[in-house]
Every structure is written in C-alpha cells, then in structure tokens.
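Can you keep this structure in mind? I'll have questions shortly.
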Amino acid sequence: MNKDQLSIATVIEDKFQEFIPVDGIVFPKNTVYIDAVTGGIVEEVHVEDGAILKKGDPILKLMNANMELSTMEQETRMLDAINNLQNTKIQLEQSRFLREKEMANLTYQLQQATIDYDRKKQLYENHVIAIKDYEDAERNFLGLKRQLELTRELQKLDSVFAYSQIRQINQSIHRMGNNLELLRKTIENLNIKAPADGKLSSFSAEIGEIKQVGEHLGQMDMMDGYKLKARIDERYISRVFVSQEAEFNFNKKTYKLKISKIYTDVVGGTFEVDLLFISEHPTSIKRGQTVQLRVIFSSASDAIIVKRGGFFQETGGNWIYVVDPSGSFAQKREISIGRQNTRYYEVKGGLDPGENVIVSSYKSFGGKDKLIFRN
C-alpha cells in the first residue's frame, strides 16, 4: 500500500466525554397562539408580521353579518326574559308587603278588640251590660285572634314560596347574564387583539380574505428568552432524560442548556426534545436559526482514545491495523471500542497510548492480515 494515501492517527490518553451531535432550532421560550374563535371576512388589518405589541393591541378585525344578526336576536330575547323575571320578582316582593300590611291591620284590630273584650267582660261581671254585648265582644276578639293566626301561617307559607321563587329567579337572571356576556364576547372575538406582550410572528392576513373558525392566525413570541428544539435518533431514547445537559458554541463562546421536555412520539426514526438555557443565551441569536448541539451523556474522564475514521464502518470497532514501530507495515489486531463522540472512539482494550493506527477506510484492503507500505 502507498502509505501517503492512508490516514494514520496516534492512540492517546486524554479526557473523553461522550456526546452526540444534533441540530437545534431556536424558538421563543414562551409562545401564545392566536386562533380565530369565530370565522369571518377580514375587514381591517392593523399591524404587520413582526410588530412588537402590548397586550390588548388590535391586530385585525373580522366581519360576520350573519353571526352579528343572530347574536342581536338572541340578546333581545334574553333581555325580554330577564325583564319578565324581574317583573315576577317585583310582584313577589309586592305580595310580601301586602301580607305584612294585612298582618299590621289585623294586629291593630286585635289590640282594639282585646281592650273592648276585657272592658265588657268586667262590665258584664258587674252586671252593668247585657250578655249579648259581652258575647259580641268575645266573638269579635276570638275571630280576630284566629284570623291573625291563620294570616301568620299564610305569611310563613308565602315567605317560603317567595324565597324559593326569588332564588330561582336570581339564578336564572345570573345564568342569562352570563349568556349575554358570552354573546358579547362572541362579537368581541371578531376584533382580534394581542393576547400578551411580545412579537407578532407567523401572521398573514389580507382585507377580504375569509378566516375559518379555529384557523391559526399567528402567534405572540414572548420576549423573555429562547429555547431550542432538537430531534434525536430513537436509539438514544432510553438514555435521554429531563435536566440532561447539552452545549453549543456560538461566536467563540460555549453556552450550556438542559433538556426541559421530552416528546416520546417517534417520527421518522427520531424523537423531539425542548432545551432551555441554563444561564445566559446569545444576544444575537434569532428565531428559526439552526445551531449544532452536543447532547452530553457522560462527564469528562481519563480514557485511551483514537481518532474517528472510516475504518469503523468496515470493522465495527472489532479490529484495526496497527502500524509497526519501523513504519514499514501495519498488522491487523483485535480491539474493543466503547463510547464515542464526534471526534474520538474510546478504546476499551487492544491498544496502548503512543501506538499508530490506520483510521481511514479499509474498503479496498480485503480484510488482509498485514499491509506492507511501498518505499
């Protein structure tokens, strides 16, 4: 073999850290979606995509004549029903006052009848008046007394019935008030406003365009930081956990992150994770930007390592060609490869630091035991 056409690396002992490279896409840390609660035709557009808005700022206005007309009719019916219930409530209150007035009159009449009865009873006992006058006074007194007792019982029954009726009326009025509020909110939903402070994104609307119920109109990107979304090969799903660290280099500085959420649904052989910055984030980073992350599986530790290369595809890390100290040939030798990252393989056995090995592809070697280099 021509030695100059081969890639030869030296086995070294150094710090080794296992990680995998993944692409991370920058997203706002918190996002509020804006959807069309009610459908309609775009009547006015107040802002453009990318605008910085405060909560409640108008974004666009929809028009839905049929819904507005239907809402007005329902509102009218509810107001009429509430008015009728209020009138019924007033009638019940009036009945209560009339019953109390009747009780007051009977109480007064009974007081007068009691005085007259006591006086005539004494006169009758002194043989001053006839028995008829005494008996008339007694009947009047007892009749008014019984009438007052019956009226008091009726007042109790009326009070219980009125209390139950008024409670039901108040509940009905409260429910209708809530329904009216919902109807008014439905109309208000035609005026799309910013649900929070932030930057409007993914927004597109033209005057005259029809927006369907539930259609996604845009989103508010909160200005409180960023997160990264990354897709990881499903082979690592059992080794990825919440709070696992990752890092990436940006503008000659390393930034640390941790996994905050794992989406276990596997799509296309990968699953998705969300990552948050542990401390600061790059000030010049932008939404939608892609950066290469290193998802870390182990801390740095001492190990014997060898540079990555094409030999692994042919050998599976089970053997390698070791260059003789004379430099004139390379001998096939069984080895054991452990962990790996984007730059190195960890050598578990078969090689010593300082030995030189061929790390380029072995595709054309035919698995020979020995390679002899041309002079």
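The values are calculated or read from the model by the stated rules, or taken from the named source; none is laboratory data. No experiment lies behind these values; they were computed from the predicted model shown. Glycine also receives a Cβ, built like all others from the backbone with ideal geometry; neighbour counts cover every protein chain displayed. Ligands, DNA and RNA are excluded from the accessible area calculation, which covers all protein heavy atoms including side chains. Shrake-Rupley method; radii C 1.70, N 1.55, O 1.52, S 1.80 Å.
Note down the nm distance, to one decimal, between modelled labels 7 Å out along Cα→Cβ at GLN212 and at SER336.
6.1 nm
Between beta-carbons, use under 12 Å as the cut-off and find the net charge around LEU106, counting Lys and Arg +1, Asp and Glu -1.
Local net charge: +2.
So with the 1.4 Å probe, I'd like the accessible area per residue for region 141-250, rounded to whole Å².
60 Å²
Who wins for biggest fluctuation among TYR33, TYR321, TYR226 in a Gaussian network model of the chain, springs between alpha carbons below 10 Å?
Greatest mean-square fluctuation among the candidates belongs to TYR321.
If the cut-off is 30 Å between C-alpha atoms, which lysines fall inside it for LYS145, apart from same-chain ones fewer than 8 positions away?
Filter leaves LYS101, LYS120, LYS121, LYS132, LYS156.
Tell me, what is the FRET efficiency for LYS256 and ASP158 to the nearest 0.05, using R0 = 56 angstrom and their Cβ-Cβ distance as r?
The calculated FRET efficiency here is 0.15.
How charged is the neighbourhood of GLN340? Take every other residue with its Cβ under 12 Å from the Cβ of GLN340, and add Lys/Arg as +1 and Asp/Glu as -1.
That works out to +3.
Let me have the 222 nm mean residue ellipticity of the chain computed from DSSP H runs of 4+ only, each contributing -39500 (n - 2.57), with the sum over all residues rounded to the nearest 500.
Working: 3 runs with 124 residues, N = 375.
For the chain, the value works out to -12000 deg cm²/dmol.
Which distance in nm do the two modelled labels at ASN191 and LYS55 give, with both placed 7 Å along the Cα-to-Cβ direction?
Taking the simple label geometry, ASN191 and LYS55 are separated by 1.8 nm.
At 0.36 nm per residue, minus the direct Cα-Cα distance, what do GLU44 and GLN5 gain on full extension? Give it in nm, one decimal, please.
7.2 nm
Within region 216-317, list the trypsin sites (Lys or Arg not before Pro) lying in a DSSP loop whose Cβ has at most 11 other Cβ atoms in a 10 Å radius.
Taking region 216-317 and a limit of 11 other Cβ atoms within 10 Å, the loop trypsin sites (Lys or Arg not before Pro) found are LYS252, LYS286.
Report, in listed order, any pair from LYS199/LYS227; LYS29/LYS261; LYS3/LYS332; LYS199/LYS252; LYS348/LYS368 with a Cα-Cα distance greater than 18 Å.
LYS199/LYS252; LYS348/LYS368
With labels modelled as points extended 7 Å from the Cα through the Cβ direction, what inter-label distance (nm, one decimal) is found for VAL267 paired with ILE90?
Each label point is offset 7 Å from its Cα along the Cβ direction, giving 6.1 nm.
Compute the accessible area per residue over region 275-327, keeping the other protein chains in place, probe 1.4 Å, unit Å². Please report the intermediate quantities before stating the final value.
Working: 2680 Å² over 53 residues.
Per-residue accessible area for region 275-327 comes out at 51 Å².
Calculated FRET efficiency, LEU183 and TYR33, Cβ-Cβ r, R0 25 Å, to nearest 0.05? Kindly include the intermediate steps, with their values, before the conclusion.
Working: r = 24 Å, r/R0 = 0.97.
Efficiency at R0 = 25 Å is approximately 0.55.
Going by the alpha-carbon gyration tensor, a ≥ b ≥ c the square roots of its eigenvalues, is region 232-294 rounded (a/c under 1.5) or, if a/c is not under 1.5, prolate (a/b greater than b/c) versus oblate?
prolate
Given springs between every Cα pair under 10 Å in a Gaussian network model of the chain, which of GLU314, GLU75, GLU48 has the largest fluctuation?
Result for the chain, Cα springs under 10 Å: GLU314 fluctuates most.
Read phi for every residue in region 142-151 and hand back ³J(HN,Hα) as whole Hz from Karplus 6.51 cos²θ - 1.76 cosθ + 1.60, θ = phi - 60°, with x for Gly and Pro.
5, x, 5, 5, 5, 4, 5, 5, 5, 4
Another question, if that's okay. In this model, which of LYS307/LYS363; LYS307/LYS370; LYS229/LYS363; LYS211/LYS258 are farther than 29 Å apart at the alpha-carbon?
LYS229/LYS363; LYS211/LYS258
For the chain, what's the relative contact order in percent, using C-alpha pairs closer than 8 Å and at least 6 residues apart?
32 percent
Moving on to the next point. Can you work out ³J(HN,Hα) from phi for every residue in region 304-321, in order, using Karplus 6.51 cos²θ - 1.76 cosθ + 1.60 and θ = phi - 60°, giving whole Hz and x for Gly and Pro?
Along region 304-321, the couplings run 8, 10, 9, 5, 5, x, x, 4, 5, 5, 8, 9, x, x, 8, 7, 7, 8 Hz.
Applying 1/(1 + (r/R0)^6) with R0 = 30 Å to the Cβ-Cβ distance of ILE115 and GLN165, what FRET efficiency is obtained, to the nearest 0.05?
0.15
I've got another one for you. For LYS15 and ARG343, compute 0.36 nm times the residue count separating them, minus their Cα-Cα distance, and round to one decimal in nm.
Full extension of this stretch gives 116.9 nm more.
Continuing with the same structure: Any aspartates and glutamates with Cα under 15 Å of the LYS15 Cα? List them, leaving off those in the same chain fewer than 8 positions away.
ASP302, GLU346
Further question: Which length gain, in nm to one decimal place, applies between HIS174 and GLU135 when the Cα-Cα distance is subtracted from 0.36 nm times their residue separation?
Fully extending the segment from HIS174 to GLU135 adds 8.3 nm.
Also, I was wondering about something else. Given springs between every Cα pair under 10 Å in a Gaussian network model of the chain, which of PRO58, PRO28, PRO353 has the largest fluctuation?
Ranking PRO58, PRO28, PRO353 by mean-square fluctuation puts PRO353 first.
Another question, then. For P(r) over Cα pairs in 20 Å bins from 0, in percent, one of (1) 17, 24, 19, 16, 12, 7, 4, 1, 0; (2) 28, 60, 12, 0; (3) 26, 50, 15, 6, 2, 0 was computed from the structure I shared and the rest are decoys. Which label?
Structure-derived value, by its label: (1).
Identify the GluC sites (Glu not before Pro) of region 177-215 meeting these criteria: DSSP loop state and at most 14 other C-beta atoms within 10 Å of the C-beta.
Numbers: sites: GLU181, GLU188, GLU206, GLU209, GLU215; in loops: GLU206, GLU209, GLU215.
Those satisfying the criteria are GLU206, GLU209, GLU215.
Moving to a separate point now. Rounded to a whole number, what % of the accessible area of the chain do carbon and sulfur atoms account for, probe 1.4 Å?
Here it works out to 49 percent.
For the cross-link pairs LYS185/LYS286; LYS89/LYS185; LYS54/LYS286, which exceed 30 Å when the distance is taken from alpha carbon to alpha carbon?
Table pairs above 30 Å Cα-Cα are LYS185/LYS286.
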